[in-house]
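See below for the structure under consideration.
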Amino acid sequence: MATSFPTGLDSYINPSGTDHLDDLPVLHHLQHTNKNDAIEAIEAKVGIDFSSVTNSLDFITNLLLMTWLQHPKGGYREYTYVGGQTPIVDTATWYTDGTKAIKLVEKTYTYGSIKILPTVIVLQLYDGTPANVLKRTITDTITYDRVFEISRTRIIT
């Protein structure tokens, strides 16, 4: 039996204490094959760290939700401003703490003709280690009709 996961749930027949390795319907080698297939399907659904598979749980939780929630694990956030003056943010960077040694996310804004509406937002996601390895870049390009956002294109690399 091939696994039904993740679109369905598998049902297995458990061998009893009196079953032999070659007894039907719980052939020992088939038990291993079925369980191995199921484990591989679970691993694919969960994903590896910084998975590129967009429907894996790792990709969804660690990349998309992290950016939407402005990285709740970040202990320290720092802003730079356009022209060095508040209030228009140029870059927001999240670090693990105030030492700024480990970068988590950097969010950069580019503005068009209306200086308060960003036309491009770039999120750079780091691995959360002292090496500060860039793992993913998410670029949103935004179009406005006056002050109303009318379209947004997202590219994930």
Seminar exercise, completed: For the chain, the longest principal axis of the Cα atoms and the Cα long axis of helix 28-46 enclose an angle in degrees, to the nearest 10, of 10 degrees
Seminar exercise, completed: In this structure, the FRET efficiency calculated for K100 and D49 from their beta-carbon separation, with R0 = 22 Å, to the nearest 0.05, is 0.45
For this session: With r as the distance between the Cβ atoms of I155 and I88 and R0 = 30 Å, compute the FRET efficiency 1/(1 + (r/R0)^6) and round to 0.05.
Result: 0.80
For this session: Treat each spin label as a single point 7 Å out from the Cα along the C-beta direction, and report the I60 to Y81 distance in nm.
Result: 4.0 nm
Seminar exercise, completed: So, over other residues within a Cβ distance under 13 Å of F5, counting Lys, Arg +1 and Asp, Glu -1, the net charge is -2
Seminar exercise, completed: Taking placed amide H atoms and a strict 5 Å upper bound, the residues 5 or more places from R136 or on another chain that come that close are L125
Problem set entry | Backbone HN-Hα couplings from phi across the stretch 146-157 [Karplus 6.51/-1.76/1.60, Hz, Gly and Pro as x] | 6, 9, 9, 5, 10, 7, 8, 10, 10, 10, 10, 10
Seminar exercise, completed: Quick note, the stretch 69-156: a/c under 1.5 would make it rounded; otherwise a/b > b/c is prolate and the rest oblate (a ≥ b ≥ c, C-alpha gyration tensor); here it is oblate
For this session: Provide the FRET efficiency to the nearest 0.05 for the V120-D145 pair, computing r from the beta carbons and using R0 = 22 Å.
Result: 0.80
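Values in this text are rule-based calculations from the coordinates and carry no lab data. Just so we're clear, the structure is a prediction, and the values are computed from it rather than from any experiment. Because the Cβ atoms are built from the backbone with ideal geometry, glycine has one as well, and the counts that use them run over all protein chains shown.
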